[in-house]
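A.B. asks: Take a look at this one; I'll ask things after.
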Amino acid sequence: MVAVVLMNEAQEEHLEEVKSYMLENGAPVIKVVFDESAGVYVALEGSHRLHVAKSLGFTPIFEEYDLDVDCMLSDYVDLDADDYPMVEIVGDYFCRPIIDFNQVDFL
């Protein structure tokens with residue numbers, strides 16, 4: 001099992017659009033970091049894509065980056081929302097959704 005911590009909850013109204021896209025284009029590529037201390041991958045994007053991949057039985061593809069808690073989220077991904085320090089992102093797993101996958105692939 002591979003535990004993946006998501007950035008946020010999925011919004012139901014957006015899932016159908018993501019599902020249609022994924023059915024045409026296949027499994028999603030998601031930027032992640034691995035937190036050794038917690039033993040989980042942290043998705044830095046793609047909460048909706050990961051929910052849909054799970055529901056369709058797709059194996060997500062991870063683009064893994066080294067975790068640096070002194071960085072900002074924007075150092076890893078392009079943002080169209082608020083930026084956050086990585087130390088905050090890796091420090092609040094208990095209040096974020098987690099999805100388990102049987103398998104993931106890596107770039």
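A.B. asks: How compact and how long is the stretch 33-104, expressed as Rg and Dmax of its alpha-carbon atoms in Å?
C.D. replies: Computed over the Cα atoms of the stretch 33-104, radius of gyration and Dmax are 12.5, 36 Å.
A.B. asks: Now a separate question. Where does the charge balance sit around residue 104 when Lys and Arg score +1, Asp and Glu -1, over other residues with C-beta under 14 Å from its C-beta?
C.D. replies: In short, -1.
A.B. asks: Given a 1.4 Å probe, how much area per residue of the chain is accessible, in Å²?
C.D. replies: 60 Å²
A.B. asks: Per-residue HN-Hα couplings for the stretch 97-107, Karplus 6.51 cos²θ - 1.76 cosθ + 1.60 at θ = phi - 60°, whole Hz, x for Gly and Pro?
C.D. replies: Whole-Hz 3J(HN,Hα) from phi for the stretch 97-107: x, 10, 10, 9, 10, 5, 7, 9, 10, 10, 6.
A.B. asks: Would you work out the relative contact order for the chain, in percent, from Cα pairs under 8 angstrom that are 6 or more residues apart? Write down the numbers at each step before the final one.
C.D. replies: On the way: 190 pairs, mean separation 40.4, N = 107.
Rounded, it is 38 percent for the chain.
A.B. asks: Carbon and sulfur atoms: what percent of the 1.4 Å accessible area of the stretch 1-104 do they account for? Mind dumping the intermediate values first?
C.D. replies: Values: 2770 of 6070 Å².
The computed percentage sits at 46.
The values are calculated or read from the model by the stated rules, or taken from the named source; none is laboratory data. Quantities reported herein were computed from a predicted structural model and do not represent experimental measurements. Using ideal geometry, Cβ is built from the backbone for each residue, glycine included, and neighbour counts are taken over all protein chains shown. Side chains are part of the model used for accessible areas, which takes the heavy atoms of the whole protein and leaves out ligands, DNA and RNA. Shrake-Rupley method; radii C 1.70, N 1.55, O 1.52, S 1.80 Å.
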